[in-house]
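The values are calculated or read from the model by the stated rules, or taken from the named source; none is laboratory data. Treat the numbers as computed from the prediction; the structure is a model and nothing was measured. Methodologically, a virtual Cβ is constructed for each residue, glycine included, from the backbone with ideal geometry; neighbour enumeration extends over all protein chains shown.
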Amino acid sequence: VSFLGRSYALASFNQKAAPMWEFTSGKETVGNWTNLLTLLERPDAKTRQDLDRLAQGVMDHYKANGGNVLMARTMGTPENPYNYMVVAFAQPGEHRIELNFVKVAMGAKNAFVVIYGERIHDPKDPSAKAKAFLHERSAEIGMALEKAVLPAIETLPRQEF
């Protein structure tokens, strides 16, 4: 998968709550990533109303797990809307902020969620560095998620590794 000028390789699959594939770049793993692309299939969401409930559920899950929702809105066109959010997680023990850029949209058969995660590390002030990152890169990341060409979910492997 190519995203934001980087190549990503499939690094994991699991089906705990819903089918989920994680893609890492370079020599990173799902254990040590600095940027991560995640794709979740949601066969339980097939209508616009389902999509909105799914997006609300994703946002509620983030909030319940310490996420700070920086932005949440419906975007796209009336024919092809999607829900978009940006969520920050403070990780003071690691001197970092994790930013998740999330798109919740309808696919050919049902909904999917794509998440671009970026870990911002700074031993002195990760919050200031994350704010600068958001200022410099959030528009670019949002546009990239809007236009991302993702692999067809039905072609992805479904064996956990």
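From the list N110, N65, N83, N35, which residue is more than 23 Å from A139 (Cβ to Cβ) and at pLDDT 95 or above?
Working: N110 fails: at pLDDT 95 or above; N83 fails: more than 23 Å from A139 (Cβ to Cβ); N35 fails: more than 23 Å from A139 (Cβ to Cβ).
That would be N65, the only listed residue that is more than 23 Å from A139 (Cβ to Cβ) and at pLDDT 95 or above.
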Would you confirm whether any residue within region 22-37 is in contact with an Asp or Glu (Cβ under 6 Å, 6 or more places away or on another chain) and farther than 16 Å from L145 by Cβ?
yes
